[in-house]
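First comes the structure, then the notes that go with it.
The values are calculated or read from the model by the stated rules, or taken from the named source; none is laboratory data. Not measured: the values here are computed from a predicted model. Cβ coordinates were reconstructed from backbone atoms using ideal geometry, including for glycine residues, and neighbour counts include every protein chain displayed. Ligands, DNA and RNA are stripped out before the accessible areas are found, and what is left, the full protein with its side chains, is counted by its heavy atoms. Shrake-Rupley method; radii C 1.70, N 1.55, O 1.52, S 1.80 Å.
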Amino acid sequence: MDTIRIPSARGSFRVWQRNVTIFRKYWKTILFPNFVEPLLYLAALGLGLGAFIQQGGINGQSYVQFVAPGLLASNAMFAASFESTFNTFVKLKIDKIYDAIITTPVNAEDVVAGEYLWAGTRSALYGTAFLAMIVVLGIVFREPLVTSWWALLLPLMLLVIGIMFSVLGTLFTSLIERIDLYAYYFTLVVTPLFLLSGVFFPVDNFPAPVPQVAWFTPLYHAVNVCRELATGPSPGVLVDVAWILVFTGVLALIPVQIMRRRLIG
Amino acid sequence: MNAERNTGAESTLEARALKKSYGDFEAVKGVDFRVFGGECFGFLGPNGAGKTTTMKMIYGAVIPTAGELAVAGLDVYHHEREIKRRIGVVPQENNLDDELKVRENLLIYGRYYDLPRKVVLQRTDELLDFMQLSEKAEATVEQLSGGMKRRLLIARALINDPEIVVLDEPTTGLDPQARLLVWDRLRELTTEGKTLILTTHYMEEAARLCDRLVIMEGGLIIADGTPGELVEEHVSPQVLELTADHRSLEELLSVVEGADSVERTGDETVLVYTEDADTLLENVRSSGVDIENTVYRQAGLEDVFLRLTGRRLIE
């Protein structure tokens with residue numbers, strides 16, 4: 001029975017819907033930190049660190065303008081990563097939620113795809129809250145941080161970015177037996193991506209092989225897309241979008257198969 | 001609830017040479033059984049006998065290594081979703097959704113079956129009532145007692161009005177009162193015409209609920225029949241449990257030698273099976289062997305198991 005399993009849209013939707021039902025009970029509490037987070041970052045990085053960055057900023061932008069869309073992308077990464085690691089692990093191994101779901105017409109493969117969609121949704125919701133706060137702060141401090149109507153596409157893009165990081169996080173989850181091992185994932189995967197993908201400084205001008213290595217990592221492209229959409233995109237952004245879609249598409253079915261084997265003996 | 005009776009004699013579940021191995025370990029070593037529509041069919045056996053693995057093969061959580069298994073006339077290898085749509089599952093381990101309230105557990109579960117919202121709402125209320133959980137509808141799962149959680153699991157398994165309900169140890173861990181209530185509800189389901197398949201290691205449960213059952217041990221079915229047939233076929237109807245000091249035990253064994261069969265459990269108790277307990281007890285008394293305790297009872301499934309395996313069901 002080792003055929004490759006393709007999730008069904010209907011089953012995936014049901015799993016997504018379960019998560020939405022629970023989220024709707026607590027959404028105010030869950031979303032609130034996402035309004036506070038940009039304030040903290042922009043205060044520390046914009047006013048604190050930014051004060052040391054010489055006039056003229058980066059690529060003609062002030063440091064705050066440069067860093068804000070990057071933080072938006074990393075916010076989506078963190079949202080999807082927590083969802084697909086700790087939250088998924090608890091449902092899988094502790095609460096046994098998936099064991100209950102797969103006795104219904106919803107199959108194991110649908111569970112995984114539904115969780116991808118949910119993690120993406122969560123990223124989009126978190127990111128939209130974050131984005132709204134950035135816009136407001138830009139107006140309040142008279143330093144527009146989002147300057148293009150293209151920014152309206154950001155929630156959709158954050159959904160896609162969230163799905164990408166959910167696939168990556170679920171892949172790790174599908175391989176581990178103990179919750180402590182996430183320390184490795186966050187220290188060795190998520191944190192380096194956060195620090196070295198162009199959120200805080202441009203990596204493109206670094207000597208080889210830094211930009212080349214960065215090109216092969218997911219957050220780098222997510223940051224590029226968010227930054228371009230916030231300020232008006234160049235055609236080059238299509239390469240980043242394509243990269244994200246291909247990376248996600250190629251990896252997506254792998255955790256599906258591994259998780260299915262974990263859920264079905 | 002569906003009051004339609006489904007008592008046709010066609011088999012609703014059929015296994016042939018069904019096997020499951022995990023590496024070198026054979027959990028189920030080739031079993032055959034048939035379950036007919038509308039009956040309550042039991043798997044009686046100790047922990048590790050392969051009962052749960054067999055249940056999981058029925059509801060698609062375990063894929064058989066070899067053999068055939070048809071559920072509701074559908075082959076498990078090719079009709080996973082369709083089978084799951086037509087059965088209800090009560091797992092051994094509680095896996096209620098703790099993030100949802102009691103009522104929501106049923107509503108959300110109903111959505112997994114793509115049932116119309118109206119139908120789910122109606123059945124949810126009926127099932128909460130049927131399982132005596134209406135008062136707890138808005139409680140969290142955490143606030144429920146063990147018996148209530150089990151009843152909610154059963155209600156959840158019925159949300160799709162299944163033809164077949166698979167129950168893996170439905171009353172393990174429950175106190176006697178909670179157990180009686182579950183038994184009562186399960187019997188009600190069989191009168192409604194549902195087919196029940198359950199595992200248990202309580203022979204009383206098997207004797208009270210099951211129309212037919214198999215006894216499993218070590219991944220094999222070692223006996224099958226109705227509870228009455230099993231007792232009749234494998235043991236004599238009357239049992240004397242004689243407890244003697246271990247020094248007098250040898251003597252006691254020689255006195256009861258003429259009985260149909262004798263089993264020793266532990267150091268000091270001897271179970272003697274006979275057609276005529278009075279005569280036997282007379283013989284024991286007149287022999288002068290020092291007996292500490294005597295219990296006379298009718299033979300049951302526990303004795304069948306002891307006879308077949310040489311050990312007690314629950315040790």
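Quick notes on this structure:
- When segment B:124-133 is filtered for residues that are touching a Lys or Arg at 6+ places or on another chain (Cβ under 9 Å), free of Cβ contacts under 8 Å to residues at least 60 places away in the same chain and either within 7 Å of another protein chain (Cβ to nearest Cβ) or open to solvent by 10 Å² or more (accessible area, probe 1.4 Å) (or both), the ones remaining, listed by number, are B:D125, B:Q132.
- The selection criterion, being in a helix (DSSP H, G or I), touching a strand residue (DSSP E or B) at 6+ places or on another chain (Cβ under 8 Å) and farther than 30 Å from B:R123 by Cβ, does not hold for B:E204.
- Residue that is in contact with a Phe, Trp or Tyr (Cβ under 9 Å, 6 or more places away or on another chain) and on the phi < 0 side of the Ramachandran plot, where the choices are A:I139, A:I134, A:I161, A:I176: A:I176
- Identification of strands (runs of 3 or more DSSP E) wholly contained in segment B:13-99 with 3 or more residues that are in the same structural domain as B:L189 (by TED's automatic domain parsing) and open to solvent by 10 Å² or more (accessible area, probe 1.4 Å) yields B:25-36, B:66-71.
- Tabulated pairs, segment A:224-235, first without any contact (Cβ under 8 Å) to a residue 12 or more places away in the chain, second open to solvent by 30 Å² or more (accessible area, probe 1.4 Å) and assigned to a helix (DSSP H, G or I), C-beta under 7 angstrom, 6+ apart or interchain: A:S234/A:E228
- Residue count, segment A:248-265 (criterion: of a type outside the set (A, V, I, L, M) and in contact with a helix residue (DSSP H, G or I) (Cβ under 6 Å, 6 or more places away or on another chain)): 3
Residues checked against (1) part of a strand (DSSP E or B); (2) open to solvent by 50 Å² or more (accessible area, probe 1.4 Å):
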position	(1), (2)
B:E138	no, yes
B:G147	no, no
B:N160	no, no
B:G173	no, yes
B:D184	no, yes
B:R187	no, yes
B:G193	no, no
B:I197	yes, no
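Residue-wise test of (1) at the interface with chain B (Cβ under 10 Å from one of its Cβ atoms); (2) without any contact (Cβ under 8 Å) to a residue 12 or more places away in the chain; (3) open to solvent by 70 Å² or more (accessible area, probe 1.4 Å).
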{"residue": "A:I6", "(1), (2), (3)": "no, no, yes"}
{"residue": "A:I22", "(1), (2), (3)": "yes, yes, no"}
{"residue": "A:K28", "(1), (2), (3)": "no, yes, yes"}
{"residue": "A:G50", "(1), (2), (3)": "no, no, no"}
{"residue": "A:I53", "(1), (2), (3)": "no, yes, no"}
{"residue": "A:G57", "(1), (2), (3)": "no, yes, no"}
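- The selection criterion, being under 26 Å from A:V20 (Cα atoms), open to solvent by 10 Å² or more (accessible area, probe 1.4 Å) and either out of contact with any strand residue (DSSP E or B) (no Cβ under 9 Å at 6 or more places or on another chain) or assigned by TED's automatic domain parsing to the domain that holds B:L186 (or both), holds for B:L121.
- Within segment B:110-122, restricting attention to residues that are within 7 Å of chain A (Cβ to nearest Cβ) and within 30 Å of the chain's Cα centre (by Cα), the residue that is farthest from B:V141 (Cα to Cα) is B:Y113.
- Meeting the requirement of 3 or more residues that are touching a helix residue (DSSP H, G or I) at 6+ places or on another chain (Cβ under 8 Å), the helices (runs of 4 or more DSSP H) wholly within segment A:88-196 are A:97-101, A:108-140, A:154-175, A:191-196.
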